[in-house]
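I have placed the structure first, in the form of structure tokens, so that the comments after it can refer back to it.
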Amino acid sequence: MRKSEAGQLIKQAREAWQAEEWLRAAGLYEQVLAHFPDEKPSADWWYDAALAHKFLRNWAKAYELGREAAARAPRGEGDPAFWNLGIAATIQRDWATARDAWAGFGIELPDGEGEIVGSFGNACVRLDTGGEREVVWIERLCPTRGRVVNVPVTGGRRYGEIVVHDGEPKGERILDGVTFPVFDELLLFEASELPTLEVTVAAGEADDLRALLELFGEHGYGAEPASGVRVLCACCSEGTHQQERNLPAGAQTVSLAAPEEDARRLLAQWADGTAIGRSWSGLAAVG
């Protein structure tokens, strides 16, 4: 391939990129890179080709091309080639490459080898399953993975599952004066075995409802009152929103994440914790 021909293909690749024709753009870049892998601008071509496959959710190709892009990127300077490789390597469960990619980006990781299980704070993730979208809270285990700590109301999603999320925030949530980013989900990394249940509870005081949520949390389970769920349009969801800890008294539906037998035991324990004001009924599995 002559350089003049390569130049024409790169021009076509950029036009395809502008049109969001990701597969065509990646293919054109790869044609050129097969002949000119180490030209001065090739690092950008490798990066764009890998990114196009990321958009296509072709993680094997994003990983393969991302390694080439990262090999040509400066280490320790926050180069996005390392971030995208970190995501792809995580999804491929190549922990050695993922660890090296995060270090190359400039992130300090917990010591060790293999799967990264750290404490990277809290954030929110916008789940996306079959067109349904729901923002949930997560505990971040690494720069791109988090454990869901809400009881999702979206069918098929569960408390405790681990998701992979993108690196660019799409919205913010403010809780107790602290701002948390909202990331888009890329895929479900590890499913949860905890079923989702619904129950109607009557709480005489807000503290009664808080006690129920804390009791389930102490046992590694989840509890989510219906009063904590807000419905937003897609556009509004990507904005900045103040989160409130709304725990009203009275009767309401609570979603639970626990085996049914344990849920019944904990509900009974909660109801017996005070002489009046606490009761429950209608426990049923919903997912």
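Out of Val153, Val148, Val164, one residue alone is buried (at least 22 other Cβ atoms within 10 Å of the Cβ) and outside the structural domain of Leu56 (by TED's automatic domain parsing). It is Val148.
Quick grid of which residues meet (1) under 11 Å from the mean Cα position of the chain (by Cα); (2) not in a loop (DSSP other than H, G, I, E, B):
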position: Arg147; (1), (2): yes, yes
position: Gly156; (1), (2): no, no
position: Val164; (1), (2): yes, yes
position: Pro169; (1), (2): yes, no
position: Thr179; (1), (2): no, yes
position: Phe183; (1), (2): yes, yes
position: Leu186; (1), (2): yes, yes
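Scanning region 172-209 for residues that are closer than 21 Å to Val125 by Cβ, out of contact with any Pro (no Cβ under 9 Å at 6 or more places or on another chain), at pLDDT below 90 and surrounded by 14 or more Cβ atoms within 10 Å (Cβ to Cβ) yields a total of 1. Against the definition (over 20 Å from Leu28 (Cβ atoms), out of contact with any Gly (no Cβ under 9 Å at 6 or more places or on another chain) and assigned to a helix (DSSP H, G or I)), how does Thr90 come out, yes or no? Here the answer is yes, as Thr90 does meet what is asked. Cβ-Cβ distances below 6 Å connect the following pairs, each with a first residue in region 78-89 that is assigned by TED's automatic domain parsing to the domain that holds Leu56, a second residue that is outside any helix (DSSP H, G or I) and buried (at least 24 other Cβ atoms within 10 Å of the Cβ), and a separation of six or more residues or different chains: Ile87/Thr144.
A single member of Ala62, Ala73, Ala52 is assigned to a loop (DSSP other than H, G, I, E, B), at pLDDT 95 or above and of a type in the set (A, V, I, L, M), and it is Ala73.
Against the condition in contact with a Phe, Trp or Tyr (Cβ under 7 Å, 6 or more places away or on another chain), assigned to a helix (DSSP H, G or I) and under 25 Å from Pro169 (Cβ atoms), how does Trp83 come out, does it pass? Taking the combined requirement at face value, the residue satisfies it. There is at least one residue in region 190-205 that is free of Cβ contacts under 8 Å to residues at least 40 places away in the same chain and touching an Asp or Glu at 6+ places or on another chain (Cβ under 7 Å). Number of residues in region 210-249 that are at pLDDT 85 or above and part of a loop (DSSP other than H, G, I, E, B): the value is 3.
Checking the condition closer than 18 Å to Gly220 by Cβ and of a type outside the set (Ser, Thr, Tyr), which residue from Glu190, Glu168, Glu134, Glu185 passes?
Just a single option satisfies the conditions, and that option is Glu190.
The values are calculated or read from the model by the stated rules, or taken from the named source; none is laboratory data. Note that the structure is predicted; figures quoted are calculated from it, not measured. Glycine also receives a Cβ, built like all others from the backbone with ideal geometry; neighbour counts cover every protein chain displayed.
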